[in-house]
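The values are calculated or read from the model by the stated rules, or taken from the named source; none is laboratory data. Treat the numbers as computed from the prediction; the structure is a model and nothing was measured. Here Cβ is always computed from backbone atoms with ideal geometry, including for glycine, and neighbour counts include all displayed protein chains. Areas reflect the complete protein model, heavy atoms only, side chains present, ligands, DNA and RNA absent. Shrake-Rupley method; radii C 1.70, N 1.55, O 1.52, S 1.80 Å.
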Amino acid sequence: MNVLTNKTNTYDAIVIGSGISGGWAAKELTEKGLQTLVLEAGELIVPERDYVEHVPTWDVKFRGMRDRQYMKVHQPMQQHIADEWNSKFFVDDLENPYTTPPDQPYLFLRGRHLGGRSVMWGRQSYRWSDLDFEANIKDGHGVDWPIRYKDIEPWYDYVEDFIGVSGQAEGLPQLPDGKFLPPMEMNCAEIAMRDVVAQKFPDRRLTIGRTAILTVPHRGRAACHYCGPCARGCITRSYFSSIHSTLPAAEATGKMTLRPYSVVQSLAFDRKTRRITGVRVIDAKTKETLEFHSKVVFLCASTLESARILMNSATPEFSTGLANSSGQLGRNLMDHIFHSGASGLMLGHEDRQQIGNRPNGIYMPRFRNVKDKHPDFVRGYGFQGGGGREDWGRGSEMSGFGVDFKHKLREPGPWRFSFGGFGECLPHPDNRMELNKDKLDAWGIPTLRISHKWRENELAIFKDATATAAEMLEAAGAKDITLSTTPSQPGESIHEMGSARMGRDPKTSVLNSWNQAHDIKNLFITDGSFMVSSACQNPSLTYMAMTARASDYAVRQLKQGDL
Ligand SMILES: Cc1cc2nc3c(=O)[nH]c(=O)nc-3n(C[C@H](O)[C@H](O)[C@H](O)COP(=O)(O)OP(=O)(O)OC[C@H]3O[C@@H](n4cnc5c(N)ncnc54)[C@H](O)[C@@H]3O)c2cc1C
Ligand code: SF4
């Protein structure tokens, strides 16, 4: 890739961040003819050197148990999700600290490298519907979305066609079908559960997960071979990541310059022209300060980091953060509440075995508050999960010893089925982040103080999801049903969003319907910051579609001389 910057440090466009949204901005802007600089805070990732999905347990130093001493010091937060193979894809918490009020723990889980979290993400990809886009206006939480499904539908088509999403069309209004590659197959426990649900719960539908993984070769990438540990990389490029798809497309135009180790510290704003005139960068290796210039800036550093950059760019006019005349920057932070649900043993099917390591589960779209009105909460939740045979690991919960015990554990165990709920989080102004000038990161930049707690509606959703999961398992005759009773910490579902919401009114929102700052015409923010509500579906497909849409708009505006 072209990693040399030009002499004047001046481009048509600058994209900050190379993750899921930054990769899309880079592709779209370069393909539409813009000389584009991509500033990435972290290092380059080279699949042939860095991916480890095929490294067996016996070839890693701690045999999969992780370097617990290192993680205790350097990754006390990231260890919630990082394993021994992929801990290198997660940040060092010492270099990248943040704080929270003592009674509001928050998990800020992320990577700092080329591709961002598109390297480790779970790839579940669902469209939103007007049930989601109209939710705020109908029940009065937050502000109204300035767009509806018809505005984003062609961009969902466009993105899915490029990235490849496998899934099953179901014809449900609350979960619009996409342009799917062939679906992955359900196993026998899942088929049994699907049939019970269809028979006994007519308002619910169990389908195979919709995932950005190729089930057939697609656009030069190979179909998945079901090896399983995708969060460690994928040498066959079978799942979507910026590294596999959008950045190579941008590179192919010859118009992208990629600068790794470029920590964006702040944006320079000119009061007279009311434009962003520069992007200030600290070189992560040399600590040198540089400034880059462009006609348009796409801020795609992720929900929390983008708001942090804007807060750190405060001016006398925008004293609480650039583009923050509404006072909404950093507020309305959302994440999905999860860890609800239940699991149980599905007896029978002992003559059936799983083949391969399918990197996908089942999905049950939202069924609460779709037609009826639930007495305890607004909005709803979807279930992810699936069926599988227990393996030798079940031995840790069993009594026994000796040869017979070992032989027994070599045989596959019973089938188990699990439902895990992802519940919607309402926008609340006090779920927010602020700049903490007393605590700096490794590059001397003020860090974040994050305050986020679950409120009554999220907790009621959590409770109902556990109850309905148990009810479906019981209906399917499952045994030894275990209920999930402790909610996730905010941040833990890694779907943080909402810190610079869009809206119709500049007095109550940061961005307009094109992801463009109300206050500053040449600034676009297309990571999860723009989200106005959280729905309950995994959000990244929506970030991608909105990024492609915003890029198209920005280039049209530029060409018309309106930017
Ligand atoms: C384990 C895991 C599972 C997930 N599963 C799913 C899923 O199944 N479905 C789904 O929809 N979502 C999932 N997500 C969430 C998904 O990864 C994020 O929603 C998505 O990556 C957000 O895209 P982004 O572009 O905003 O941020 P990121 O992909 O995080 O990219 C941000 C980029 O900006 C860079 N950056 C940050 N600060 C700066 C700075 N100051 N200067 C320059 N660059 C900077 C970072 O280094 C990074 O490369 C998952 C995430 C994880 C970690
Ligand atoms: S399971 Fe499929 S998508 Fe995941 S790493 Fe293996 S080949 Fe890639």
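Each 10 Å bin from zero holds the following percent of Cα-Cα pairs in the range 386-451: 16, 21, 13, 12, 23, 14, 0. Model label sites at GLU153 and ASP130, defined 7 Å from Cα along the beta-carbon direction, differ in position by 0.9 nm. The range 19-47 and the range 275-333 have Cα centres separated by 18 Å. Which entries of LYS287/LYS453; LYS27/LYS179; LYS295/LYS437; LYS150/LYS255 have Cα-Cα distances beyond 24 Å here? Check vs 24 Å cut-off fails for LYS287/LYS453; LYS295/LYS437; LYS150/LYS255.
Taken over the range 391-513, the convex hull of the Cα atoms encloses 236 Å³ per residue.
Heavy-atom surface analysis with a 1.4 Å probe gives the range 336-425 a carbon and sulfur content of 52 percent of its accessible area.
Spherically averaged projected area of the convex hull of Cα atoms, the range 198-256: 6.5 nm². When the alpha carbon gyration tensor of the chain is reduced to an equivalent ellipsoid, the three semi-axes, largest first, read 39, 27, 23 Å.
Taking Cβ atoms as reference points and 14 Å as the exclusive limit, the residues near ALA476 contribute a net charge of 0, counting Lys and Arg as +1 and Asp and Glu as -1.
With 21 Å as the cut-off, how large is the P(r) tail for the range 1-80, expressed as percent of Cα-Cα pairs? The share of Cα pairs beyond 21 Å in the range 1-80 comes to 53 percent. For the pair TYR70 and THR57, the difference between a 0.36 nm per residue extended length and the Cα-Cα distance amounts to 2.8 nm. Our helix-only sum for the chain, with -39,500 (n - 2.57) per DSSP H run of n ≥ 4 divided by its residues, gives a mean residue ellipticity at 222 nm of -6500 deg cm²/dmol. The range 162-179 and the range 384-400 have Cα centres lying 32 Å from one another. On a per residue basis, the range 346-396 carries 54 Å² of accessible surface, using protein heavy atoms and a 1.4 Å probe. For LYS479 and LYS371, FRET efficiency with R0 = 30 Å and r from the beta-carbon atoms, rounded to 0.05? After rounding to 0.05, the efficiency reads 0.40. Inter-label distance, THR8 to THR315: 2.2 nm, where each label sits 7 Å from its Cα along the C-beta direction.
Taking a point 7 Å from the Cα of GLN104 along the Cα-to-Cβ direction, the residues of the range 73-90 with backbone N closer than 20 Å to it are 77. Note on the range 42-106: the alpha carbon radius of gyration divided by the globular reference 2.2 N^0.38 Å gives 1.29. DSSP bridge analysis restricted to the chain gives an antiparallel fraction near 70%, rounded to the nearest 5.
Based on the reciprocal of the average 1/r between different C-alpha atoms, the Kirkwood radius for the range 240-386 equals 20.8 Å.
Here the extension length gained between LEU347 and LEU172 equals 59.9 nm, from 0.36 nm per residue of separation less the Cα-Cα distance.
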